[in-house]
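Below is one structure, written out as structure tokens; the observations come after it.
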Amino acid sequence: MCVDLPTEMRSGIGRRRLMAGLGLGAAGLALGAAAPAEASGAGKARRKFGPPKSRGSRTRLVLLGTAGGPAIFPGNETAGIASALVVGDRYYLIDAGHGVLSQLHKANLGPESNTALDGPLDALAGIFLTHLHSDHVVDLNNVLVNGLYNGLQSVKKIPVWGPGNRGALPPLFGTGPLPSPVSPGNPTPGTREMGELMMQLFATDLNDRIFDNRKPVPTQLWEAKDVPVPERYLGDPNGTPAPAMKPFTFYEDERVKVSATLVNHAPVFPALAYRFDTDDGSVVFSGDTAKCPNLVRLARNADVLVHEVIDEDWAAKLFPVPRSEAEEGLYQHLVQAHTLKTEVGSIAAQANVDTLVLSHLVPVIQPESVWAACAEGFKGRMVVGRDLDVIDIGR
Ligand SMILES: [Zn+2]
């Protein structure tokens, strides 16, 4: 799991209690703040690494939520990881962390006459999930179910792309008897199956809306699909790192061409990074990954690389040695399945991108000064992402 724990240094909450809170996730909506600069407790200082003022370009990246991990920091209102790539009058949603529907409203991505009968989802052209960790998908149902009252009812059928079934449970970290898995008949459903299960989960509500409010059936509005990763790379879900591969293109319409590659986020598999090529430029989303040559290849010469990052000093302080087996498991996931702040600059330099945008910050409460380390080795522009930042692409 991706873990961002409330900092004991700031909140005074003890490590044991933090551990106990893990996995509670983000079931409630933690809405973003009204102004991007105040999106987190750490964002009130003047921003050295903020984006230049948007000129409202035709193609632009909007950071809807920039927090990584399922835990919500007390007093911090940053939304969960989600981004929108606007191309003309439509946009593509990349991940759907907590608060995404409210963030879409705040970002004014819908029609100007935003009323109860339309809304930001009027302009949605597709959804792309990088992987199925809860912090990336927990509000997908908010978009696809409550979406009926926020503009989704008027879209033509949109694709919801994401990774397919893992095919096997992950190995147990450490020693001891194997726990009982959830849903043993199908313990690792992929995106297509998740869409079907979501309709079943919300069938009571959806049928009420369909029969009583005459809303369209979901199958007319969206279709969940597995990204077709070539079979030869899917043989070993527990293999690490992800097999070396060339990016492959799997989606194209009149605005974007979307390519993907496998990245290193073990034990999550498949975990994907996406590249969007448009007439105005290209934007790459790393998803969650440790340093990964596949990602560098995908991002080669892109205009913007949106990359995840973790503050490894924070992780080490949170889990000092000696560690219990559970603590060791979490610590190793944090530093081995994510990209360290001291690594991300050289990745952007290797890929030769113009702009590095940090999002999925772990922990999101750190001030910009902590993330300054990410610029090391990179000569381009760096933006430390905050909720509702807008980054223009091209002219
Ligand atoms: Zn993750």
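Every number in this text was worked out from the coordinates using simple rules, so none of it is lab data. Quick caveat: nothing in here was measured; it's all calculated off a predicted structure. Here the Cβ positions follow ideal geometry from the backbone for every residue, glycine too, while neighbour counts run over all protein chains shown.
A few remarks follow.
- Separation of the alpha carbons by more than 28 angstrom is noted, of 106/215; 157/291; 225/341, for 157/291; 225/341.
- Three-way shape label, region 189-332, alpha-carbon gyration tensor, a/c 1.5: oblate
- Relative contact order of region 257-391, defined on C-alpha pairs under 8 angstrom at six or more residues apart (%): 23 percent
- Take each peptide in 84-95, 204-215, 126-137, count the other Cβ atoms within 10 Å of every residue, and average; sorted highest first, the result is 126-137, 84-95, 204-215.
- For the chain, averaging the sequence separation of C-alpha pairs within contact (under 8 Å, six or more residues apart) and dividing by the residue count gives a relative contact order of 20 percent.
- Shape category assigned to region 108-258 from the gyration tensor of Cα positions, a/c cut at 1.5: oblate
- Averaging the sequence gap over all C-alpha pairs within less than 8 Å and six or more residues apart, then dividing by the number of residues, gives region 118-277 a relative contact order of 25 percent.
- Alpha carbon centroid spacing (whole Å) that separates region 77-136 from region 221-240: 24 Å
- Shape call, the chain: gyration tensor on alpha carbons, a/c limit 1.5: rounded
- Label-point gap, in nm, between residue 249 and residue 48 - each point 7 angstrom along Cα→Cβ: 4.1 nm
- If the chain linking residue 219 and residue 173 were pulled fully straight, counting 0.36 nm for each residue of separation and taking away their Cα-Cα distance, it would gain 12.7 nm.
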